Every structure is written in structure tokens, then in C-alpha cells.
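Novice: Questions regarding the structure given below will be posed in turn.
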Amino acid sequence: MTAEVTVIDHPLIQHKLTLMRQTQTSTAKFRQLLKEIGMLLAYEVTRDLPLKYELIETPIAQMNAPMLAASKKMVVVSIMRAGQGLLDAILELIPSARVGHIGLYRDPTTHMAIEYYFKVPLDIEQRDVLIVDPMLATGNSAVAAVDRLKELHPQSIKFLCLLAAPEGIEYFHQQHPDVQIYTAAVDECLDERGYIVPGLGDAGDRLYGTL
């Protein structure tokens with residue numbers, strides 16, 4: 001099975017993404033925009049969540065009303081540190097989701113991902129995993145995260161990002177063709193440093209003001 005890339009091109013997302021790209025956007029505004037976009041992206045990523053029907057009482061009458069099926073358990077795994085911005089947004093919508101963290105940093109010379117932290121729920125094999133990271137650039141961090149999580153045999157894995165580069169998508173799908181990618185935009189290419197062009201810079205630095 002070959003996974004596809006779902007580009008979530010809702011006008012509100014695209015407008016807010018443009019504001020995030022601009023150099024003059026402040027750290028506080030960048031953080032708020034990432035949270036807003038994260039919530040909008042989460043609507044699409046969770047579109048296939050199953051529903052059950054329960055009898056409820058409205059002020060007017062009884063009805064069989066849809067509710068999320070309790071059997072569908074989710075864990076949101078943030079690739080630290082920039083993934084935290086998307087994680088916070090998703091937890092606003094799905095507060096019952098469990099949370100995992102993978103600490104990865106990119107070697108400045110090889111661009112390979114080096115793990116320094118890993119913590120996920122003990123029952124992850126019973127859960128569907130959503131990995132979040134604003135940028136899918138070279139794909140090395142995303143692939144390393146999926147490699148690590150597949151060792152624990154979760155029910156399913158999806159990957160959510162804000163921006164993706166064609167090179168990163170290609171490499172990711174070479175390694176994990178069964179994992180669906182969700183993104184707000186696919187940009188032009190990577191530069192010689194492995195940054196997405198035109199991109200928005202280093203998402204972690206802009207999120208936390210560490211430029």
C-alpha cells in the first residue's frame with residue numbers, strides 16, 4: 001500500500017500560514033497562529049474517528065445522538081520541541097488523548113536525526129498514533145520517529161505537519177509507504193542547509209523566541 005499526502009488547503013489555514021511565514025511576525029503571534037492552524041488541521045486528521053450512538057434527552061425530545069466511540073484510543077506523539085505547538089492545539093479538541101514525546105535533534109552536518117528522549121504511554125499497542133511536527137524537511141526526524149514507534153506495534157500511525165518539502169515526502173514514503181501524511185502545504189524544495197524553501201524558518205526557534 002502506498003500512502004498519499006493529504007494537503008489541507010482550507011482558506012483559513014492558508015491565510016494563517018501566510019502570516020506565519022512572514023519574517024515580521026512576532027513570537028507571540030507565531031505561537032498563536034500555530035495553535036489556531038493546529039486545531040483546524042486536527043479536524044481533517046480526525047475525520048475518520050468512529051462514532052457510536054447513545055440515547056440522550058434534549059429539552060424537546062429523546063434522540064439517538066452520535067458520540068465518539070470509546071473503543072478508539074488515540075495518542076498524540078510530539079517530536080520535540082516544535083511539535084509541542086501542534087500538540088497543545090490538538091489537546092484542546094481531544095483532551096482525553098494520551099501524549100507521547102520523542103526528543104530528536106538534527107546533526108548540523110549530516111542532517112540525520114539523533115534521539116535524546118523517548119516517552120510514550122505503556123498501552124500504545126492498543127492505540128492509534130498521530131505524530132506531530134511542524135516541518136517535514138529532509139524527512140529524517142519523521143522517519144526516525146516512525147521507526148521507533150513501529151517497534152511498539154501501535155494500531156495505526158499518521159503524521160501531521162504544517163509544511164512539507166517534496167524531498168522529505170519522497171524519503172518518508174520510501175521508508176514508510178503505509179503512513180499517511182497530512183500537511184497544510186507542500187513547498188518548493190530544500191536548500192543546501194536542509195531548510196524548506198520558501199518555508200518559514202526554524203519552527204522551534206520562531207515558536208519559542210530562540211533565534
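Novice: Please go through the range 1-37 and pick out each residue that is touching a strand residue (DSSP E or B) at 6+ places or on another chain (Cβ under 8 Å) and of a type in the set (Gly, Ala, Ser).
Specialist: ALA3
Novice: Can I ask one more? Return the pair list, or none, for Cβ contacts closer than 9 Å from residues in the range 53-68 that are surrounded by fewer than 10 Cβ atoms within 10 Å (Cβ to Cβ) to residues that are in a strand (DSSP E or B) and of a type in the set (Val, Ile, Thr), at least 6 apart or on different chains.
Specialist: So the pair list comes out as GLN62/ILE56; ASN64/ILE56.
Novice: Look through the range 116-140, keep the residues that are assigned to a helix (DSSP H, G or I) and among the polar types (S, T, N, Q), and return whichever of them is least open to solvent (accessible area, probe 1.4 Å).
Specialist: My answer is ASN140.
Novice: Take the residues in the range 22-34 that are in contact with a helix residue (DSSP H, G or I) (Cβ under 8 Å, 6 or more places away or on another chain), of a type outside the set (A, V, I, L, M, F, W, C) and open to solvent by less than 70 Å² (accessible area, probe 1.4 Å), then tell me which one is nearest to ILE90 (Cα to Cα).
Specialist: Within the range 22-34, the match that is nearest to ILE90 (Cα to Cα) is THR27.
Novice: Please name all residue pairs, on different chains or six or more residues apart, with Cβ atoms under 6 Å, provided the first residue is in the range 74-96 and is over 19 Å from THR183 (Cβ atoms) and of a type in the set (Phe, Trp, Tyr) and the second residue is at pLDDT 90 or above and crowded, with 21+ Cβ neighbours inside 10 Å.
Specialist: none
Novice: Something else: With respect to ASP48, is the statement that it is over 16 Å from ALA184 (Cα atoms), open to solvent by less than 70 Å² (accessible area, probe 1.4 Å) and of a type in the set (Asp, Glu) true?
Specialist: The answer is no for ASP48.
Novice: Given the structure, is LYS158 modelled with pLDDT of 95 or more and under 14 Å from the mean Cα position of the chain (by Cα)?
Specialist: yes
Novice: Related question: Counting only residues that are within 12 Å of the chain's Cα centre (by Cα) and part of a loop (DSSP other than H, G, I, E, B), how many does the range 31-49 have?
Specialist: Count: 1.
Novice: If you check VAL143 against the conditions, is it touching a strand residue (DSSP E or B) at 6+ places or on another chain (Cβ under 8 Å), touching a residue at least 12 places away in the same chain (Cβ under 8 Å) and open to solvent by 50 Å² or more (accessible area, probe 1.4 Å)?
Specialist: Considered against the rule, which asks whether it is touching a strand residue (DSSP E or B) at 6+ places or on another chain (Cβ under 8 Å), touching a residue at least 12 places away in the same chain (Cβ under 8 Å) and open to solvent by 50 Å² or more (accessible area, probe 1.4 Å), VAL143 comes out as no.
The values are calculated or read from the model by the stated rules, or taken from the named source; none is laboratory data. Predicted model, so just to flag it, every value in this text is computed and none were measured. A quick note on method: Cβ atoms are made from the backbone with ideal geometry, for glycine too, and the neighbour counts reach across all protein chains shown. SASA here: full protein model, heavy atoms, side chains in, ligands and nucleic acids out. Shrake-Rupley method; radii C 1.70, N 1.55, O 1.52, S 1.80 Å.
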